[in-house]
Amino acid sequence: MGVLIVESSRGSTHTEEIFVDNDFKDNKKKKRRSRKSKQTSSACSSVSEVCMDASSLLGDNTSSHHVVPNGHHQSPKVYNTSCHVTSDGHHQLPKEYDAGSISMPSMHAKEQTADGNMQNQHSVPHEIKEVIFSKSVPESAVSEEPVGPVLIARPVDCYPRRKCYPPHWSAEAVNKALEKGELLIALFHVNAHNRLEAYCKIDGVQTDVLISGLLSQNRAIEGDTVAIVIDSPSLWPRMKGSNETVNNSAPHSNSHEASAHVQDCSRGKSKLDLDCEYVFSSDNMVFPENGAHYNDESSCGAMPDNSCVNGVLDNGFQPSISDYASQFSGDAYDSISSLEKLCALISLYPSKRPTGRVVAVVGRSPRRDNIVGFLSVKQWIYSRESKKKNSRKNKHQSDHGYILLTPTDPKFTKMMVPVRKLPASIKKRLEAGDLTIESDLVAARIVDWAEECYIPDACVIQIFGRGSDVEAQLAAILFENAIDASEFSPEVLSCLPPIPWEIPQEELQSRRDLRNLCIFTIDPASASDLDDALSVEKLSDGVFRVGVHIADVSFFVLPDTALDIDAQIRSTSVYLLQRKLPMLPSMLSDNLASLNPGEDRLAFSIFWDINLAGEVLDRWIGRTIIRSCSKLSYEHAQEIIDEADLLDCSQSIEHWPKLYGHSEWSDVVKSVKSLHEISKKLRENRFKGGAVSLESPKVVFLFDEEGMPYDSVLSGRKDSNFLVEEFMLLANRTAAEVITRAYPSCALLRRHPEPNARKLRDFETFCNKHGLKMDISSSTHLHHSLEHVRGELKNDSVLFDILMSYAARPMQLASYFCSGDMKDISDCSHYALAVPLYTHFTSPLRRYPDIVVHRTLAAAMEAEDIYLKGKRKLGKITEKETLSRCFTGMCFDKVEIESVEAQEALSTAASKHRVPGTETLADVAAHCNEKKLATRHVKDATDKLYMWVLLKKKEILYSEARVLGLGPKFMSIYIPKLAIERRVYYDEVEGLTVEWLDTTSTLVLSQSTHKRRRSSPGKCRTLEEVALIVNPADLELEMSFSGHIGGENGESQRCLGISEITNNEPAFFPITVHLLSTIPVALHAVGGDDGPLDIVARLYVGSYLP
């Protein structure tokens, strides 16, 4: 066996890993005595902490080349010793090398020249020798699990530690630079396909800033708020339009090539455009591949100016944006902010991608404390056994050394965990040599990432269980997204009213009694927290009085109580398909505050008088008491809408829910039909006003009695869903208008910014290129264009779903905000709904922002009563005029509401109902945004988990897929049956010939029988990794299921579950592929006990060749 040593001469700028056999070691010991002191000093001074080769830090998708702190790029040298050296599929390292091994930089060994002479002989300090083993694996274990040598301990502190990263600026330096306009604050996001690429989102800037390379990222973590320096435009690479056919000439798996671009831009050839994420991202997709975060700008690349290397000009000067003042005339450059400077330069260079580098982390990401991953313990266990055999003088320390942690999220680097800080249960299993530790998911947090460390230090907090266990995965998902799954504390429960509870007498006297009105709920059949109910009455002359009644949760959740604080921290209920984590105790969410049928309940009610044209003529808002007569499901409501003579058939209503009170089923049916007609008109008017809809079918899982998925189907929304949606939207708009009038500086609203202009233009170009006319000049024109395309693609619904997902990609996330933080009222608008003001009011049982809005609305109503009573007392208005609501009604008199009397009333009511101030409300909004995004991630991860479980059971899914992106290295495909996207890589595959026709964007794949010449050792993959090949003669029809798309439009697949679809035909070589063409693929689940969950796609091909 050999020993892993790292060579790094002071005169050299690269780090090399080499294997030296035992004879080499003995010879080195003999010559060590004659070494010069300066060589010893050099060796000692270059010793740093234990670290990994940079390529292995980035996960499995790395290469053999090394990126070292000074930015140079070097292939490792394998010395000609007696040790047999082979390569794995990713690194030019010995076959025994494992991803868990940790190498030591700055150690010198003899270099063997071509003629066999040894040169450059240096000493290895004694402290370092303690962590180098001549045999890293016991002989008995080598044949079972080949692993490489392991260096576990860090060097002692007496040796200077080489810095791998630039130091972070101090807070004082950052503040001064911000004042001078030399820095920008941004949110740091990592490309999940290529961790060497990160993007910084800056508010007010349409284009994300690229942070390329580990040095430029400077230890920033996904989700950090960072201070960045913008590079000069001379260093910006050219952007590749995402709508173009992807020329993925350098796959993301080849991370050393990405580093080469950063370190050697003088070649003039782009190596950065590795990961053109032309795939689409939207809420309608089940989950993105590998948990990818699709940023504002995901396609980048190409051709930076040749005058710079690693951001340094030929004269050694490293420019930044502040050095580019020559683009502006006179004193214009100094008079504008750094943000305006960047926007100006981006407009000057629209085809270039701005780049920058991180100089400080000003806000630590919450994700630092919520890392989920797997431990690599083989190396430690084998090394310990080896040391036990070799250690005769010193007592072996079982808690000595470090273990590698590999996060499941590819956006995070690998981490080192000190053995001594592991939980006792893991230590005990390590002592017993239990290798099954590697199959357990663990929770960890980042402790530190010093300048001298390639990777951060972490500590393990807890163990979830086996990676293949669903409960362990669910627990990991909740932990990773910081979701509180704990039970409610006694302090919280003590805030609940005693049981049995009745409506207090004062509420009965002060509220409007609506218990005799026909009111009902429409919710999913499994819903237990009923927030909203509907009613409708027909008035004269074709006018309807529609009522929306929302559970008055704010009556129970009083400000600043333990219940309120806990609800604010949780912020939202979390739904895990088979169970929910409620924001409020079930006594409230499912009982006292829920609008359960047949029970007297407190509510906030909004009534509108609406004519047949969908126009709102008048409205009333107030606190009420209601009694729902029935709990309808969406299926019940849809049945009423679809059936004209439903009541004529007694069997139709036998399966319906129980009816309470004086209402008859004829009243309910008539109300649902009336509401449906009104909602259609409201929806029509909304889209005429500029609203845009990006609806796509979603995957719905079917579960067995044990709560495990056995099938999935695609499901779209129906008229009953749209009926409820329209009136909830109207209620939210009304509430937003009222609270903003009353409290313009402290209203909690929700905004949706305009889409990214560049990406929207890309979408337009993509559609036009494929003969589909698209007008993006306004949201109105965009919606009409999409509806026109829907008609054109009525026979190809799969392609239309793809286009809708693509249209959603330029859209930005909606977010809560405090109205006082917005200087321009236009910034408050909601793009998708095309309304100037919007908020959340209708779901207070599961969203904390709705409770805040309820309190603000209650304050506005009380202030209105105080103000009107005061005017009536002074004789300024009559009793009839009192009925005209000046704060909550349709009419709005700005002068009146700004009067001294009105402001005094508003202030008194705000104090009573604890309406939060601007600063507090901004913090609440920010926290709710974080939790809402986390909940979305939980849903995506949960969907992925259950899809993985389903495919694991089925073993292989044969399906047809549409090609979304195409190039010479890989293709991106969309699987309609699962509503997911995947990539298929076909470069460097043994037995496969790839022909890429750039002029026509055509790919031709052919099977080859002769052995190809590899571009680099260990890089080629087998054909079986890329394609599932079957012999047509042996092809059997007993596939468990398949994803064959019936006809041309795919409608049969939309109706059938996975297990009901059969007969999928393979393709045959040679395979010709165009953009948007259909290809057969084989899908299977991987990971679980041996890594992160994933669904892998391979080509499904038939061939007679052996």
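The values are calculated or read from the model by the stated rules, or taken from the named source; none is laboratory data. All of these numbers come straight from a predicted model, not from anything done at the bench. FYI the Cβ positions are ideal-geometry reconstructions off the backbone, even for glycines, and counts take in every protein chain you see. All accessible areas refer to the heavy atoms of the entire protein, side chains included, with ligands and DNA or RNA removed. Shrake-Rupley method; radii C 1.70, N 1.55, O 1.52, S 1.80 Å.
The calculated FRET efficiency for the pair Ser586 and Leu508, based on their C-beta separation and a Förster distance of 25 Å, comes to about 0.45. Please label the shape of the range 657-712 as rounded, prolate or oblate, based on the square roots a ≥ b ≥ c of the eigenvalues of the alpha-carbon gyration tensor (a/c under 1.5 means rounded; beyond that, a/b larger than b/c means prolate, else oblate). Note, shape of the range 657-712 comes out oblate. Computed from phi, the 3J(HN,Hα) profile of the range 434-443 under the Karplus parametrisation 6.51, -1.76, 1.60 (θ = phi - 60°) reads 7, 6, 5, 4, 5, 8, 9, 6, 10, 9 Hz, with x in place of Gly and Pro. Whenever you get a sec, compute what percent of the accessible area on the range 873-965 sits on carbon and sulfur atoms (1.4 Å probe). In the range 873-965, the share of accessible area belonging to carbon and sulfur is 54 percent. Taking Ile455, Ile776 and ordering them by how much accessible surface each has at a 1.4 Å probe, largest first, produces Ile776, Ile455. I need the shape label for the range 456-517. Rule: rounded when a/c is under 1.5, else prolate if a/b > b/c, else oblate, with a, b, c from the alpha carbon gyration tensor. Prolate. Our estimate of slack between Thr993 and Glu725, defined as 0.36 nm per intervening residue step minus the Cα-Cα distance, is 91.2 nm. Couplings 3J(HN,Hα) for the range 849-860, derived from phi with the Karplus relation 6.51 cos²θ - 1.76 cosθ + 1.60 (θ = phi - 60°), are x, 5, 5, 4, 5, 4, 5, 5, 5, 5, 5, 5 Hz, where x marks Gly and Pro.
Give, in nm to one decimal, the length gained when the segment between Thr1009 and Lys698 is fully stretched (0.36 nm per residue of separation minus the Cα-Cα distance).
Working: separation 311, 0.36 × 311 = 111.96 nm, distance 4.27 nm.
Extra length from Thr1009 to Lys698 when fully extended: 107.7 nm.
Between Gln578 and Asn685, the distance separating the two model label sites (each 7 Å from Cα on the Cα→Cβ line) works out to 4.6 nm.
Compared with the direct C-alpha span, the chain from Trp501 to Glu705 gains 69.9 nm at full extension, assuming 0.36 nm per residue.
Take the alpha-carbon centre of the range 521-593, take the same for the range 651-718, and report the distance between them in whole Å. Value for the Cα centre distance between the two parts: 18 Å.
Quick one: net charge around Val699, please, counting Lys, Arg +1 and Asp, Glu -1 for every other residue with C-beta under 9 Å from its C-beta. All intermediate terms of the calculation are to be shown ahead of the outcome.
Working: positive: Lys698, Lys977; negative: Asp943.
Surrounding charge for Val699 is +1.
Under the classification rounded if a/c is under 1.5, otherwise prolate if a/b is larger than b/c and oblate if not, where does the range 801-909 fall, given a ≥ b ≥ c as square roots of the Cα gyration tensor eigenvalues? In terms of gyration-tensor shape, prolate.
Note on exposure: Arg619, Arg751 ranked by accessible area (1.4 Å probe, complete protein assembly) read Arg751, Arg619, with the most exposed listed first. Between the alpha-carbon centres of the range 950-997 and the range 415-451 there is a gap of 36 Å. With respect to the cross-link table entries Lys823/Lys939; Lys794/Lys944; Lys681/Lys869, which display a Cα-Cα separation exceeding 31 Å? Going by Cα-Cα distance, Lys823/Lys939; Lys681/Lys869 fall outside the 31 Å limit.
For Ser347, the shell of other residues with beta-carbons less than 15 Å away shows a net charge of +4, using +1 for Lys and Arg and -1 for Asp and Glu. Positive contributions from Lys and Arg (+1) and negative ones from Asp and Glu (-1), summed over other residues with Cβ under 9 Å from the Cβ of Thr1078, come out at 0.
In sequence order, the range 693-699 has phi-based couplings of 10, 10, 6, 9, x, 10, 7 Hz under the Karplus curve 6.51 cos²θ - 1.76 cosθ + 1.60, θ = phi - 60°, and Gly or Pro positions carry x. So if R0 is 60 Å, what FRET efficiency would Ser494 and Glu901 give, r being the distance between their Cβ atoms, rounded to the nearest 0.05? After rounding, the FRET efficiency stands at 0.90. Here r is the Cβ-Cβ distance between Glu635 and Lys388 and R0 is 51 Å; the resulting FRET efficiency, rounded to 0.05, is 0.15.
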